[in-house]
1. Taking A:Pro162, is it within 15 Å of B:Leu238 (Cβ to Cβ) and either free of Cβ contacts under 8 Å to residues at least 40 places away in the same chain or open to solvent by less than 20 Å² (accessible area, probe 1.4 Å) (or both)?
2. Every residue in the stretch A:132-144 that is in a loop (DSSP other than H, G, I, E, B) and either more than 9 Å from chain B (Cβ to nearest Cβ) or more than 19 Å from A:Met83 (Cα to Cα) (or both), please.
3. Within the stretch B:115-122, is even one residue under 24 Å from the mean Cα position of the chain (by Cα) and at pLDDT below 80?
4. Filter the stretch B:225-234 for residues that are surrounded by 22 or more Cβ atoms within 10 Å (Cβ to Cβ) and facing chain A (nearest Cβ under 9 Å) and give the result.
5. Would you pick out the residues in the stretch A:21-47 that are open to solvent by less than 10 Å² (accessible area, probe 1.4 Å) and either part of a strand (DSSP E or B) or among the basic types (Lys, Arg) (or both)?
6. Select from the stretch B:252-267 the residues that are open to solvent by 10 Å² or more (accessible area, probe 1.4 Å) and either hydroxyl-bearing (Ser, Thr, Tyr) or at positive phi (or both) and list them in ascending order.
7. What number goes with the only condition from (1) away from every other protein chain (no Cβ under 12 Å); (2) touching a residue at least 24 places away in the same chain (Cβ under 8 Å); (3) open to solvent by 50 Å² or more (accessible area, probe 1.4 Å) that B:Ile247 does not pass?
8. Taking A:Val104, is it open to solvent by less than 10 Å² (accessible area, probe 1.4 Å) and more than 9 Å from every other protein chain (Cβ to nearest Cβ)?
Amino acid sequence: MIRPPMEPATMQTQDAAVAKLVLAGPMGAGKTTAIRSITDAAPVSTEMPLSEGASDDKDTTTVALDFGHAVLEDGTPLLVYGMPGQERFAFMRPILLEGAFGVVIILNAVDEDVSAQCEHWLREITAIDADLPVVIGITHTDRSASFSIEPVRAAIRNSGMPVPAFTFDARDKQQTFHLMRALLMDMQ
Amino acid sequence: MNIELKYTALAHADERRVRLAANALAAHHLVVHASDWNGGHCDVLVTDSRDRQGALALERARLAQIPTLDVCARDNRNGETGASVVWLVRSLHRLLREQPIAAGAEQAAGGARRPGLVELVIRGDLAGQPVLARHGSISVGLLPRTGRVLSHTLGDALHARSHLGAPGWQFQALKDAAAQQAPGEILTSLDTFFMEGAWRARTQLPRFADGQYRLRDWPDLGSATELIEVLPIVRALLRERAGIADIARSSRRSEQEVSACLWALAASNILLGGKSGGEYLVQAPAPARRNHGMWSRLAIHFGLTRSG
């Protein structure tokens, strides 16, 4: 079932009193889970059953975007958007990144070529906005005995965009917050 | 007196001259055995700091408190074309006269008495290698190429991490094939393992050698959620090549805390000494991106800073 993503008024992110964060990355990496950890609530999702590649763990995918929100201490709304991972929704990316203060790229350690994914998403983001602060979170490292962080670091060096890269558990609120701290530290 | 002289990263001609100088030191009643350095203990190390490997060897030797001779030292007038035998004999004689030479047995015992993290860093033969680390009945595999720690149980990894500041560790380099069979199936982040261990042991660790340092990459501290204080130190090391006091000032942490981080980052093999170069430093974000008010609100929300 497709649910309505949000009220139109919440899209007014040019307003300095609204903080907008975007989560990007391939399908199945854990963006929706990370939004839940950041916002403490189930995100409003536009999830559809997977027609291909469904598994016991994942039988739906985000087809347009995920949305969650939290409120900062002074009442400022924090809007968190999850980009759809599929390339056919690439047209959504510039729209979602408009007005964002930063991007969290979430990669899946189980992917055969996680470094290629890293390069791809860094390239995608910088092509839209080269100055946007970025942090990389790598999930599911417990499920990949062969995972190595070094190729991801090499991809980051190749991109010329020296961003933090942390392995983390998207279900863990503290680890997801720590990823956000690295993003903020890099912005300071 | 028997002296173990080691050399590394020397041009072929310099290596020959060092061997000749070592023999010539017999005139000063010094029996000097010269051979290639494997990263272990020795009485004196000769190297060339113009070479990147040589510069790293100098750093490691300084950490291990091994007397060193740099063939491109300022007082070597022949420095451009290499070290002369006469200069080498004079310099080595002066160096060996000034430095008390510890017996090999004492050196080995010193290794066992040092905190495990320190021993791991100063053992140049272990740098960047997969290592089997044992402390009492606990063993963990340290795999720097993948950035992971392997252990039988999470409890083993936690025990090992908690004792990194303690002596009594044994380290053994593993061949790549053996590394695949390092103990256990529990994988955790190597950078987090070292950083949490070093932070916990920061009052026990000696001060890291003075020098100019910087970081090659962001360490993987994703599960080090308690170590918020480390993030400003990491950022400072990514932004500038600096000494301990400068890093402490810019990150607003103590020199002891900076020193502990340097031990951890050196163990992770991502710390660069000031003399090697080439890699990028992190650039500060464009001014237009800075919105201090919003940043502060986000920092409070995510627990990076406190309100008020």
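1. yes
2. Within the stretch A:132-144, A:His140, A:Ser144 qualify.
3. no
4. Restricting attention to the stretch B:225-234, the residues satisfying the condition of being surrounded by 22 or more Cβ atoms within 10 Å (Cβ to Cβ) are B:230-231, B:233-234.
Scanning the stretch B:225-234 gives B:Leu231, B:Val234.
5. Matches in the stretch A:21-47: A:Leu21, A:Val22, A:Leu23, A:Ala24, A:Ser45, A:Thr46.
6. Once the filter is applied, which keeps residues that are open to solvent by 10 Å² or more (accessible area, probe 1.4 Å) and either hydroxyl-bearing (Ser, Thr, Tyr) or at positive phi (or both), the stretch B:252-267 yields B:Arg252, B:Ser254.
7. So B:Ile247 meets the others, but not (3).
8. Numbers: open to solvent by less than 10 Å² (accessible area, probe 1.4 Å): yes; more than 9 Å from every other protein chain (Cβ to nearest Cβ): yes.
The answer is yes for A:Val104.
The values are calculated or read from the model by the stated rules, or taken from the named source; none is laboratory data. Note that this is a predicted model, so its numbers are computed, not measured. Every residue, glycine among them, receives a Cβ derived from its backbone with ideal geometry; neighbour counts consider all protein chains shown. Just so you know, the surface numbers come from the protein's heavy atoms only, side chains and all, with ligands and any DNA or RNA stripped out. Shrake-Rupley method; radii C 1.70, N 1.55, O 1.52, S 1.80 Å.
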